[in-house]
Amino acid sequence: MSPGADDLGGFALFDLFRMEAETHGATLDEGLLALESAPTDPARLEGLMRAAHSIKGAARIVGVDPVVRVAHAMEDAFVSAQKGQLRLDGAAVDALLAGTDFLKEVAKRDEATATAYLASRADETTTLVARLQAVARGEAARATPPPHAPSPPTPVSVSATAVAAAAPSSVAVPATAPASPAPRKPIASESADASVVRISAAGLGHMLAYAGETLVEARRLGTAAAELEDLRRITRHLQAEVEVLAVEGSANVTALRETVSRARQAVTRQLDVIEGAARRSEDLAGRLYREVLASRMRPFGESTGGFPRLVRDLSRELGKRVRLELRGKDVLVDRDVLERLDAPLNHLLRNALDHGVELPDARTAAGKEPEARILLEARHRAGMLEVEVSDDGRGVEYESLRRKVVERGLIGADIAKELSKAELLEFLFLPGFSTKAVVTEISGRGVGLDVVQTTARDLGGTVAATSETGRGLRFVLTLPITRSVVRAALAEIAGEPYAFPLTRIERVLRVDAADIRAVEGREQFAWEGRPVGLLPAAQVLGLPPPVRAAGPVPVILIASAEHLYGLAVDRFLGEQDLVVRPLDPRLGTVANVSAVSVDEDGRPVVIVDVEDL
């Protein structure tokens, strides 16, 4: 490998090679998986050949000879397939995927560590090249593992914490079918036609925060204009008083009238200027904010690149036939949210593969197609991001789950009998909860689902499960599209403004005092035929108790599982988009508070952690 001193526009040559390897490595992964269902597709083979050729050329420029040899052997295999000299069956695709894994593994490293990595695996690399050359000659692919393939899994008993801490690449899979997810494409490689600016994630976050604050400042200018309007009304009233004096024949009234008239004209002119500036400023700030926010938004498909490979490899290992259907790959999501989704989606897919999907014979006996279907879909709905993971497998056996809950000592048998299906499914999200006696490294029912729920809550969203026994299991994560701004309902509590994110509340309403009654010492009212317990928000937040004013009671309705709760507040202050500012880490965890912000009037606002409530 040549010393990487050359630099192009701030990019070291080795960095450019890594971008090429990552981008075309993802293309190889996607294309090879598609070839298993259409092994003679000429367009697909052409794309694969070009991807291998591009990686080979980039590696040759920086002198990474082992990568050149692997990419060249893969290119030969694709050329032979194009000529009809061989058919890329499952074994051949396994070998080529091993080559792709090797290329991606090198691309993960900087120049120094890549050199050490290749030097320590010289013999394995030679074996891999020989295996690929055998594929190109049409010989049977040998089941020799790639240089970084993990060992096959063995049943072990592990805690939920241990499984959650494990990186996706650390999960064991068969030697011939490594399940390392494909890396996401770097920003710099998204489009050859797009201008690319290198910027750190922290810098981009700061830009977004500043743009959001600019939007708030622009709206504050509108507030100043409203105050100036009040001043104009005052001068109008003053002029009316002057006119009265004029009728009464007061001295010097003419000069006073002229003074007031000039004041009105000055206020009117200034008001026009401020109103115009406010409109232009808000429009400009809005465009700036949307532009900066768009730079943070990434297609959902960037987080799904490795999932088809994961499903393919694990289903082969488990002896199952599974088709992964991806929808909404172009749906835009904040990159911070996108990165946090990787682990929970990985858990949900593994859970579906290991426990949800049946073996082909069992599916046939149940009247289903032998090939199972797993759906991963992203969509925007009501200003939120919804991500669904569902399968058409065996679903949840509710009576079995009910017995397990009792056996674990989580609730008594009498209470368990009364639990609805929705309430039973909530137990799946408990840390370490599993309905199986033996947990493997692939998944365990419940192991990892607590991570899914924790991640959803950390992102300011929710996760819900539904299942029909024998028909499948469905998880839906409802998350904010971005974490930088939150739409919230503002309410005054004990004289201070508090914000409740709209995504976490059911609705706001006013309840007539006559409709509130005491039940066993607690206040309660009915909403849409359902009983709702009512508590003063000040009491819940540990604030001085308010004096309830006469008239309807302002209530914020929040939901938890199948239950509804009402928080009585002093008054509603409307809805606003708030720029989220995290709490200072030195404060530690503050009960019932998730973040802070500043409203349009410049007042500090506490954003309530509804989940903590």
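Some notes on this structure:
- Karplus-derived 3J(HN,Hα), 6.51/-1.76/1.60, for each residue of the range 507-518, Hz, glycine and proline x: 4, 10, 7, 10, 10, 4, 4, 5, 8, 9, 10, 8
- Cross-link partners of K108 among aspartates and glutamates (Cα-Cα below 15 Å; sequence separation of 8 or more within a chain): D15, E20, E22
- Computed from backbone phi, the HN-Hα couplings of the range 289-300 come to 4, 5, 5, 5, 5, 4, 5, 8, 7, 10, x, 4 Hz, rounded to whole numbers (Karplus: 6.51 cos²θ - 1.76 cosθ + 1.60, θ = phi - 60°; Gly and Pro given as x).
- The range 346-407: relative contact order as a whole-number percent, Cα under 8 Å and 6+ apart: 32
- Stokes-Einstein D (µm²/s) once Rh is taken as the Kirkwood radius of the range 259-408 over alpha-carbon pairs, at 20 °C in 1.002 mPa s: 109
- Under 20 Å from K417, Cα to Cα: aspartates and glutamates that are on another chain or at least 8 residues apart: E397, E399, E407, E426, E468, E562
- The alpha-carbon of K329 sits under 19 angstrom from the alpha-carbons of these lysines, leaving out residues fewer than 8 places away in its chain: K185.
- Packing-based ranking, highest mean first, of 230-243, 458-471, 511-524 given that Cβ atoms within 10 Å are counted: 458-471, 230-243, 511-524
- With a threshold of 32 Å on the Cα-Cα distance, the over-threshold entries among K104/K404; K368/K404; K320/K404; K83/K104; K83/K368; K104/K421 are K104/K404; K83/K368; K104/K421.
- Average accessible area per residue (Å²) across the range 78-133 - probe 1.4 Å, nucleic acids and ligands excluded: 39
- HN-Hα J in Hz across the range 360-376 - Karplus 6.51, -1.76, 1.60, θ = phi - 60°, x for Gly and Pro: x, 4, 5, 5, 4, 5, 8, x, 9, 5, x, 8, 7, 10, 10, 10, 10
The values are calculated or read from the model by the stated rules, or taken from the named source; none is laboratory data. All values reported here derive from a predicted model rather than from experimental measurement. Cβ: placed from backbone, ideal geometry, glycine included. Neighbour counts: every protein chain shown. SASA here: full protein model, heavy atoms, side chains in, ligands and nucleic acids out. Shrake-Rupley method; radii C 1.70, N 1.55, O 1.52, S 1.80 Å.
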